[in-house]
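Have a look at the structure below before the remarks.
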């Protein structure tokens, strides 16, 4: 019978607790949470702001107390952890209270990144990560807004713009990068997305960063690196997230941009596991350490961390770097390295969707798919299989699945599939 | 209890009886663009031997460790406890397409009306009432069968389960 | 725990959900199937269908078409009332009228023609429906016309002829007890799942399967141990090739041939010319395969042949090819033997259930003595079949033939049943009076003066018989939709309007059935009380060999390789008593045809989603294959520069259609397959009404000369 601590209670923390409870029914499981609320899905915050879901729906796994009861957890609500003494397996709270454990799962998640911007006012500048962030923005929207600036053309940025669009707030998206989803899109695909966004009335401002802000009569005046200025009533900063690793000591535990884990989700310190946004695992296509912050990844990692902490031996298949976005009526999927050089293939379907591939040595290294959500999964599955050293040729079933999702025969051939003729 | 819907391609002829039975069971209005949850395909390899072809009947695999369930941000998709089928509680769907984008088989679709997910529920209510899934019940050739856990494991030992089905049921 | 709402949504039958299972049958396809249906009914509405598990024939299965039943019966364009034509024929302008008005108009129209031209100038024609035929035939004779015809004119009758003139009876393959199954054009997967189930069972018990077809079918892929891909219309040559090998190698059943056959030496001498090399050249089947198949069939008995009833018939040499094939049954002693071919007694409505009824006496009761239309053109038909050969009907209406047809009473006429659709339409246009019954306003019905709405099998009760001595009476599972009636109600109710008297028919369907069942130990009442299928008390299990032992019903009392029934037509019509083989284009009038039209067009193949045109407009069925299917070989596609799905034109001297090409490795070079029954891509419009089998009169749906070209954009 062990005694374990889980630091953080989001998706990863929940699944770690659940797996621990299943594998070690007799164990004592302590859960530390910054909040008093259940595991929130950050992805849902913009749906809440847009008015598509209730606040309660931000917590799809239930409330804290309810889960604690169901999984028999010892819950430390609203108890931010000050310090994790990794080697000693000791957790220390802000009030100095310390507790020793047999093992720990770090599931501290990540924070919205707010870089220092000269002159940034306290008021009317928002971020979007937690239910609290969503509450604040929604409250402001309800008071009435005539214009908004979203800084950061990231996934969150687009989703925030979508929420503002739902409230008919005129919005401009700005980013230092030359295009939308700069780490995922190929330039021509980004071009097409830009056109669609502009057609919807969303302003775009790429290639210049915010250098300073000022209060102005109309709200906030943002000054950009190219000398231009923009007035808006509010600003939402969507500049990405940073792993929450403040409670850890870099001397003690290996940390890159996040806590580094092996394929068993164990950190450099024995008995200390990490899962979710606070950790980075090997990326499958590049082999580099990388955090791929997705709800599904967090759940899977949490489960494996919990399971292995309780003596199991499960392996995380690794992260696949990919960007999937469904926003403003568009489905975008970007897989792989968009800076890779190689042979370019573009397919434009008569139904309006498009697929762009960059291939090297006959294999795709970057995929952009716009407007076909059904093809994303099959395509990902095939790329994953090939990346893991599976046969380069597609099985009949895989070829059929891709064909069924609308993939044209010439691209299926490129991927190693048979030349299929539909019935 | 956990049930498995198995497909035996060597018995299939892509007649579509399963697909129509699914439409009948689920009141699918194809005239207004709706599609059933099961579809049949007849595929021929244009470079293959003369006369060679593959017949397939495709629907949700009801994976044990379903990527769509893992990818669903709202808990709309889940594994139905009494049958193991992957089911959708449509009132919770926000139409975010995460499940579709996660599914390796491209199964989930979305209603043109409310934008919410549409997928096969494995006829779990019929199963719970002692009836077979509509598609299985309709197959005259034994190309679709539905078995319980014990039978599935027995077939697995006899190597009578396809690689794909084994793969999606590893942790069943 | 399931909620009631979940159960209602999932259509779970039970007292709590109010969903009841009611039993009926599907009559979408041929009457030798008519599978049992469990209709899930609530508040008088069918919610879902499933196969009836306890059904004595279908055992719980339904095919794709049967599973479309709900959309079929509730098709949004079901006819709601009787209609009267107000526009030109074919324009589709009709107005609703009452039944009273309709009956008066029908009586007036038919009696007017009767008075002017005589009763035989009114032709009666039964189309897709089968269940009402005994009553309709009797009704025609009551009216005084000898001219009752049906779609049997192009369907299973040719095969029955081949059997009758060879063996004196109809028979069927005993797959359940066979060691080897020879499927000749066996399309079971899409037209008869029961046969596939039996063949799969045969394979499971170690039996062997030989399949012969012009295309690679699902059966060829899933079931065949040996598959012989053959050129269209060359089946007779292959059968004779088998026969030569069987005789030469001593694989024949000498005792059976000596004791029970007639004309063997003549037959033996005739087949000598069909050596393997020659046969391979004619049929395209490799020599080794011909040998392997003949050997397996003849030495791994008992062996049965399934020579499907409709497809081989549809060639110029169809009847002779059938006879060549069926001769193998006698040669190998597989006739009237368990696991071979077993004689079958017709019971009721084109089905043999193992006991006789008074159906023939009922339907033929008042038959007038008068020649039918077209008599003398196909003398074998005249001799063996009690209906007019309907391929002659358009010609006869258009003024050809012996006497005029001026009015037509049709029940479910499909204008695309006959070759040369334009000619059929011209004939319908030329009629003085035309009445049609149907569920829908078909292209034929749009030519009718009066259209009467009839109901589906779900909305009526009827007698069905099934092999094994079974009979059952169905009950309506829902009331007739709108103002529709059953066809038999219409015949009964029309009698007084026409001034006719037929006490039995006037009493309605049940009284007729009671009359027909007399002597069987069954009655409508006892069948209703039983609630499902029951065994007829008079039914006896057939003992193989007893038919042969009692002497066959042929002139010689034996199996006739030399069919003496045909001797009398050799001089007059050049019908050969031996199953001689001729080319399927032996009737080409001009040798240039073969050069101008170098491809062979095959229509009429079975697809899973429809039978003929019956389900093309049922959305579920249509969704499985939305566009017309036109299949060509890979090499022809390459030569013509056609890519998958590109439009392609098929042209014959009769006409031209266009459809997207399906390029396939399943079809051989030089052959073209076009699925029939589509309105906008009408295969029948390409076929000649003169290219007919001289024995049966059957049209050549399976082999017509045609030209292919890439369609101009």
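Annotations
- Of the residues in the stretch A:76-93, at least one is touching a helix residue (DSSP H, G or I) at 6+ places or on another chain (Cβ under 9 Å) and at negative phi.
- Residues of the stretch C:38-49 that are assigned to a strand (DSSP E or B) and free of Cβ contacts under 8 Å to residues at least 60 places away in the same chain: C:38, C:40, C:42, C:47, C:48, C:49.
- Every test in (1) farther than 17 Å from residue A:105 by Cβ; (2) out of contact with any helix residue (DSSP H, G or I) (no Cβ under 8 Å at 6 or more places or on another chain); (3) surrounded by fewer than 23 Cβ atoms within 10 Å (Cβ to Cβ) is passed by residue A:237 save one, and that test is (3).
- Residue within the stretch A:94-106 that is within 26 Å of the chain's Cα centre (by Cα) and over 19 Å from residue A:299 (Cα atoms) present: no
- Considering residues of the stretch A:5-32 that are part of a loop (DSSP other than H, G, I, E, B) and in contact with a helix residue (DSSP H, G or I) (Cβ under 8 Å, 6 or more places away or on another chain) only, the residue farthest from residue A:275 (Cα to Cα): A:27
- 3 or more residues within 13 Å of chain A (Cβ to nearest Cβ) and under 30 Å from residue A:51 (Cβ atoms): qualifying helices (runs of 4 or more DSSP H) within the stretch B:45-157: B:67-71, B:98-102
- In the stretch C:76-93, the residues that are without any contact (Cβ under 8 Å) to a residue 60 or more places away in the chain form Cβ pairs under 8 Å with partners that are assigned to a strand (DSSP E or B), at six or more places apart or across chains, as follows: C:86/C:94; C:86/C:95; C:87/C:94; C:93/C:85.
- In the stretch A:358-374, of all residues being at pLDDT 80 or above and in contact with a helix residue (DSSP H, G or I) (Cβ under 7 Å, 6 or more places away or on another chain), the one that is farthest from the other protein chains (Cβ to nearest Cβ) corresponds to A:359.
- Pairs where the first residue, in the stretch A:185-206, is not assigned by TED's automatic domain parsing to the domain that holds residue A:223 and the second is surrounded by 14 or more Cβ atoms within 10 Å (Cβ to Cβ) and part of a helix (DSSP H, G or I), C-beta under 7 Å, 6+ apart: none
- When residues of the stretch B:163-172 are limited to those that are part of a loop (DSSP other than H, G, I, E, B) and touching a helix residue (DSSP H, G or I) at 6+ places or on another chain (Cβ under 8 Å), the one surrounded by the most Cβ atoms within 10 Å (Cβ to Cβ): B:169
- Of all residues in the stretch B:83-98, those being modelled with pLDDT under 95 and under 17 Å from the mean Cα position of the chain (by Cα) number 0.
- Reported count of residues in the stretch C:293-320, each being touching a strand residue (DSSP E or B) at 6+ places or on another chain (Cβ under 6 Å) and more than 30 Å from residue C:690 (Cα to Cα), is 7.
- Given (1) assigned to a strand (DSSP E or B); (2) surrounded by fewer than 22 Cβ atoms within 10 Å (Cβ to Cβ); (3) within 11 Å of chain B (Cβ to nearest Cβ), number of the condition residue A:383 does not satisfy: (1)
- Flag for residue A:346 being in contact with a helix residue (DSSP H, G or I) (Cβ under 9 Å, 6 or more places away or on another chain), in contact (Cβ under 8 Å) with a residue 40 or more places away in the chain, under 29 Å from residue B:41 (Cα atoms) and not assigned by TED's automatic domain parsing to the domain that holds residue A:10: yes
Residues checked against (1) closer than 21 Å to residue C:267 by Cβ; (2) touching a helix residue (DSSP H, G or I) at 6+ places or on another chain (Cβ under 6 Å); (3) part of a loop (DSSP other than H, G, I, E, B):
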position: C:519; (1), (2), (3): no, no, yes
position: C:528; (1), (2), (3): no, no, no
position: C:542; (1), (2), (3): no, no, yes
position: C:551; (1), (2), (3): yes, no, yes
position: C:572; (1), (2), (3): no, no, no
position: C:577; (1), (2), (3): yes, yes, yes
position: C:584; (1), (2), (3): no, no, yes
position: C:601; (1), (2), (3): no, no, no
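- Scanning the stretch B:98-110 for residues that are without any contact (Cβ under 8 Å) to a residue 40 or more places away in the chain and surrounded by fewer than 23 Cβ atoms within 10 Å (Cβ to Cβ) yields a single hit, B:110.
- Scanning the stretch B:13-29 for residues that are part of a helix (DSSP H, G or I), more than 7 Å from chain C (Cβ to nearest Cβ) and crowded, with 24+ Cβ neighbours inside 10 Å yields B:18, B:22.
- Among residues of the stretch C:84-105 being under 32 Å from the mean Cα position of the chain (by Cα) and in a strand (DSSP E or B), the one that is surrounded by the fewest Cβ atoms within 10 Å (Cβ to Cβ) is C:84.
- Test set (1) touching a strand residue (DSSP E or B) at 6+ places or on another chain (Cβ under 6 Å); (2) surrounded by fewer than 18 Cβ atoms within 10 Å (Cβ to Cβ); (3) not in a loop (DSSP other than H, G, I, E, B) - residue A:173 fails condition number: (2)
- Residues located in the stretch C:260-301, provided they are farther than 28 Å from residue C:547 by Cα and part of a loop (DSSP other than H, G, I, E, B): C:272, C:273, C:274, C:275, C:284, C:285, C:286
- Contacts under 7 angstrom Cβ, first residue in the stretch C:601-613 being farther than 15 Å from residue C:313 by Cα and within 14 Å of another protein chain (Cβ to nearest Cβ), partner modelled with pLDDT under 90 and part of a loop (DSSP other than H, G, I, E, B), 6 or more apart: C:607/C:629
- Residue within the stretch C:19-33 that is farther than 27 Å from residue C:349 by Cβ, at pLDDT 95 or above, assigned to a loop (DSSP other than H, G, I, E, B) and away from chain B (no Cβ under 13 Å) present: no
Yes/no per residue for (1) touching a helix residue (DSSP H, G or I) at 6+ places or on another chain (Cβ under 7 Å); (2) assigned to a loop (DSSP other than H, G, I, E, B); (3) closer than 27 Å to residue A:141 by Cα:
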residue	(1), (2), (3)
A:34	no, yes, yes
A:39	yes, yes, yes
A:44	yes, no, yes
A:48	yes, no, yes
A:54	no, yes, yes
A:61	yes, yes, no
A:67	yes, no, no
A:70	no, no, no
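- For the stretch A:285-354, the strands (runs of 3 or more DSSP E) that sit wholly inside it and include 2 or more residues that are under 25 Å from residue A:163 (Cβ atoms) and under 24 Å from the mean Cα position of the chain (by Cα) are A:322-327, A:330-336.
- Some residue of the stretch C:464-483 being within 24 Å of the chain's Cα centre (by Cα) and part of a helix (DSSP H, G or I): no
- Restricting the stretch C:664-704 to residues that are more than 20 Å from residue C:391 (Cα to Cα) and outside any loop (DSSP other than H, G, I, E, B), the residue that is farthest from the chain's Cα centre (by Cα): C:664
The values are calculated or read from the model by the stated rules, or taken from the named source; none is laboratory data. Here the structure is a predicted model, which is why all the values come from computation and not from measurement. Neighbour counts run over all protein chains shown; Cβ positions are idealised from the backbone, glycine included.
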